[in-house]
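Enquirer: So that we are looking at the same thing, I have put the structure below in C-alpha cells.
The values are calculated or read from the model by the stated rules, or taken from the named source; none is laboratory data. Because the structure is a prediction, the values reported are computed rather than measured. Here the Cβ is made from the backbone with ideal geometry for all residues, glycine too, and neighbour counts use every protein chain on show. Surface accessibility is based on the protein's heavy atoms, side chains included, excluding ligands, DNA and RNA. Shrake-Rupley method; radii C 1.70, N 1.55, O 1.52, S 1.80 Å.
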Amino acid sequence: MKKNVKNNVHWVGKTDWELRQFHGDEYSTNNGSTYNSYLIQEEKTVLIDTVWMPHAQEFVDNLAGEIDLDSIDYIIANHGEVDHSGALPELMKHIPNTPIYCTAHAVKSLKGQYHCDWNFQVVKTGDTLDIGNGKSLVFVSMQMLHWPDSMATYLTTDNILFSNDAFGQHYANDMLFNDLVDQCDLMRECIKYYANILTPFNPILRKKLDEVIGLNLTVDMIATSHGVIWRDNPMQIVEKYLQWANDYQENQITIIYDTMWGGTKDLANKIAQGITSQDHDVQVKIYNISKSDQNDVITEVFKSKAVLIGSPTMGNTILHSIAGFMHLMKQMKFKGKKASSFGCYGWSGGSVKVLNTLLADAGFEVMDQGFKNQWNPDEQQLLDAIDFGKQIAKA
Ligand code: FEO
C-alpha cells in the first residue's frame, strides 16, 4: 500500500511483521522489519530501492497497481544487498532498459548476485540527477556503511535524505514516522542495529558523519531503508550515531557465562554481588549465553565499560557456546573496554587462560588473570568470588 511521505514522495515498501531472523540467522529481528522503497513523482518518476526477494512479486504487483511501470524513468539502487535489490530481477523483466543509478561497487554487487547486465549509470558523491519541477537528486557515497557499495540519495527542495541502511532499525510498524511509534521500542532497536551492524565500522563512520554534516544539507527527513522515517527532529539519530561511533560506553559491567552443572553460574552471581557491593552506581547485568538472544547481549556489551566472560573447562578449553560468542565479539571490533574471565574446572582446568587469550585477541584490555575454581565452589570459594568482583569494581 502506497503511503505519502512528503509532497510527491511515497513509501511503496514492505512491512515484514513475521521476520525473526535476518542475515541468515545472524541477527534476531524480534520486532520484524521493513524494506523501505520510495517512489518520487515529479516531471520524472523515480524509484528508490526495492524489497527483499521473497516479497518481489507482491512488490511489483503493488507498484503496477499504483503506476504504469513504463513510466518509471530512473531507478536508484542505494545498496546492492538483497533486502533492497531483491525485487530488481522481477521489476526489470517489465522495464529492462530503465537506467539504474548506483555506485561502481553496486554494479559489481548487482551483477554478481543477479547476473544481469542492466542499464547501470555509475554515480559518485556530488553527482546530481535533475528530476524536474526544480528538484534534483544528489548522490553521496556511504562506502562501508555498511558495505563498499552503499550510498545515500538526497532530494533537494523536499530536503529528504534517503539514507538506506544508515540510521535504520529492524522494527516493523505501520506508522511510518518516528514520532508515531513507541519511543522505547524504537530506540532499543536503533541501538541494537548500531551495536550489531555498525560498530565494526566506527572509525569509518566517524569520518563519514563529518563528511555528510560538512555538506551542509538541510535535512527535513531521513528516510531509511529499514524501520521508521525520521521526520521529528531527524538529526536526533545523527547525534546518537556521533555518540555511538566514539567507542560508546555507559557505567555498566556485563557478565556473560555458560555453565554445565551450575558452578560457573554461581561464580557469575557472586562476582556480580562483589561488584555491586563495591560500587553502588555501576549497573551489572548477567546473561547465560545459551539462554539469551546473542544480538541483545552484543548490545549490552556495546553499552558496557567492562565484560566478564565465564566458562567451565571442557576438554581443556571452553564451551562452544562461549567460543561462538567470543567470535561474535571479535567481529564487532570493540575498543576501549576492559575484560576478565572466570570458570570452574574439575581436572585439568584451562578455560580461564583460553578466555583471556581470546579476549585480548578480540581487542579487550584484560584486567587480570581471571578467577578459576576447582570443583563446585564451597562457601570460602564463593566468598573469594565476591572478593574478585570487588577487585573488578576497583579496577
Ligand atoms: Fe539492509 Fe545492507 O542491507
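Enquirer: Can you pull out every residue in the stretch 64-83 that is hydrophobic (A, V, I, L, M, F, W, C), out of contact with any Cys (no Cβ under 6 Å at 6 or more places or on another chain) and crowded, with 22+ Cβ neighbours inside 10 Å?
Expert: Of the stretch 64-83, the ones hydrophobic (A, V, I, L, M, F, W, C) are 64, 67, 69, 72, 75-77, 82.
Filter again for out of contact with any Cys (no Cβ under 6 Å at 6 or more places or on another chain), leaving 64, 67, 69, 72, 75-76, 82.
The answer is Ile75, Ile76.
Enquirer: Another question, then. Taking the options Gly112, Gly126, Gly132, name whichever one is among the small types (Gly, Ala, Ser), touching a Lys or Arg at 6+ places or on another chain (Cβ under 7 Å) and in the same structural domain as Ile222 (by TED's automatic domain parsing). Talk me through it step by step, then tell me what you get.
Expert: Details: Gly112 fails: touching a Lys or Arg at 6+ places or on another chain (Cβ under 7 Å); Gly126 fails: touching a Lys or Arg at 6+ places or on another chain (Cβ under 7 Å).
That would be Gly132, the only listed residue that is among the small types (Gly, Ala, Ser), touching a Lys or Arg at 6+ places or on another chain (Cβ under 7 Å) and in the same structural domain as Ile222 (by TED's automatic domain parsing).
Enquirer: For the stretch 302-322, name all the residues that are buried (at least 24 other Cβ atoms within 10 Å of the Cβ), part of a strand (DSSP E or B) and either not hydrophobic (A, V, I, L, M, F, W, C) or not assigned by TED's automatic domain parsing to the domain that holds Lys285 (or both).
Expert: Gly310 - this is the single residue of the stretch 302-322 that is buried (at least 24 other Cβ atoms within 10 Å of the Cβ), part of a strand (DSSP E or B) and either not hydrophobic (A, V, I, L, M, F, W, C) or not assigned by TED's automatic domain parsing to the domain that holds Lys285 (or both).
Enquirer: Step by step: first the residues of the stretch 36-53, then only those that are farther than 24 Å from Phe167 by Cα and without any contact (Cβ under 8 Å) to a residue 60 or more places away in the chain, then the one that is least open to solvent (accessible area, probe 1.4 Å). Which residue is that?
Expert: Just the residues of the stretch 36-53 that are farther than 24 Å from Phe167 by Cα, to begin with: 41-45.
Subset that is without any contact (Cβ under 8 Å) to a residue 60 or more places away in the chain: 41, 45.
Numbers: Gln41: 58, Thr45: 16 Å².
That would be Thr45.
Enquirer: Return the total of residues in the stretch 188-203 being under 18 Å from His327 (Cβ atoms) and either away from the ligand (no atom under 14 Å from the Cβ) or within 8 Å of the chain's Cα centre (by Cα) (or both).
Expert: Residues meeting the conditions: 4.
Enquirer: Here's something else I'd like to know. In contact (Cβ under 8 Å) with a residue 60 or more places away in the chain, in contact with a Gly (Cβ under 7 Å, 6 or more places away or on another chain) and in the same structural domain as Ser321 (by TED's automatic domain parsing): is that true of Thr264 in this structure? Show your work before the answer.
Expert: Details: in contact (Cβ under 8 Å) with a residue 60 or more places away in the chain: yes; in contact with a Gly (Cβ under 7 Å, 6 or more places away or on another chain): yes; in the same structural domain as Ser321 (by TED's automatic domain parsing): yes.
Considered against the rule, which asks whether it is in contact (Cβ under 8 Å) with a residue 60 or more places away in the chain, in contact with a Gly (Cβ under 7 Å, 6 or more places away or on another chain) and in the same structural domain as Ser321 (by TED's automatic domain parsing), Thr264 comes out as yes.
Enquirer: Residues of the stretch 155-175 being among the hydroxyl-bearing types (Ser, Thr, Tyr) and within 16 Å of the ligand (Cβ to nearest atom), which ones?
Expert: Of the stretch 155-175, the ones among the hydroxyl-bearing types (Ser, Thr, Tyr) are 156-157, 163, 171.
Scanning the stretch 155-175 gives Ser163, Tyr171.
Enquirer: Is it true that some residue in the stretch 215-223 is over 24 Å from Asp49 (Cβ atoms) and either away from the ligand (no atom under 16 Å from the Cβ) or in contact (Cβ under 8 Å) with a residue 40 or more places away in the chain (or both)? Can you show your working first?
Expert: At the first step, the residues of the stretch 215-223 found to be over 24 Å from Asp49 (Cβ atoms) are 216.
Within this subset, residues satisfying the condition of being either away from the ligand (no atom under 16 Å from the Cβ) or in contact (Cβ under 8 Å) with a residue 40 or more places away in the chain (or both) are 216.
Taking every residue of the stretch 215-223 in turn, at least one turns out to be over 24 Å from Asp49 (Cβ atoms) and either away from the ligand (no atom under 16 Å from the Cβ) or in contact (Cβ under 8 Å) with a residue 40 or more places away in the chain (or both).
Enquirer: Please note which helices (runs of 4 or more DSSP H) are completely contained in the stretch 48-113 and include at least 3 residues that are more than 13 Å from the ligand (Cβ to nearest atom). Explain how you work it out, then say what you get.
Expert: On the way: elements: 56-66, 82-85, 88-94.
So the answer is 56-66, 88-94.
Enquirer: I'd like to check something: does the stretch 287-301 contain any residue that is open to solvent by less than 10 Å² (accessible area, probe 1.4 Å) and without any contact (Cβ under 8 Å) to a residue 40 or more places away in the chain?
Expert: Yes.
Enquirer: Turning to a different aspect of this structure: Name the pairs: first residue in the stretch 76-90 and assigned by TED's automatic domain parsing to the domain that holds Met142, second residue within 8 Å of the ligand (Cβ to nearest atom) and of a type in the set (A, V, I, L, M, F, W, C), Cβ to Cβ under 9 Å, at least 6 apart or on different chains?
Expert: His79/Trp147; Gly80/Trp147; Glu81/Trp147
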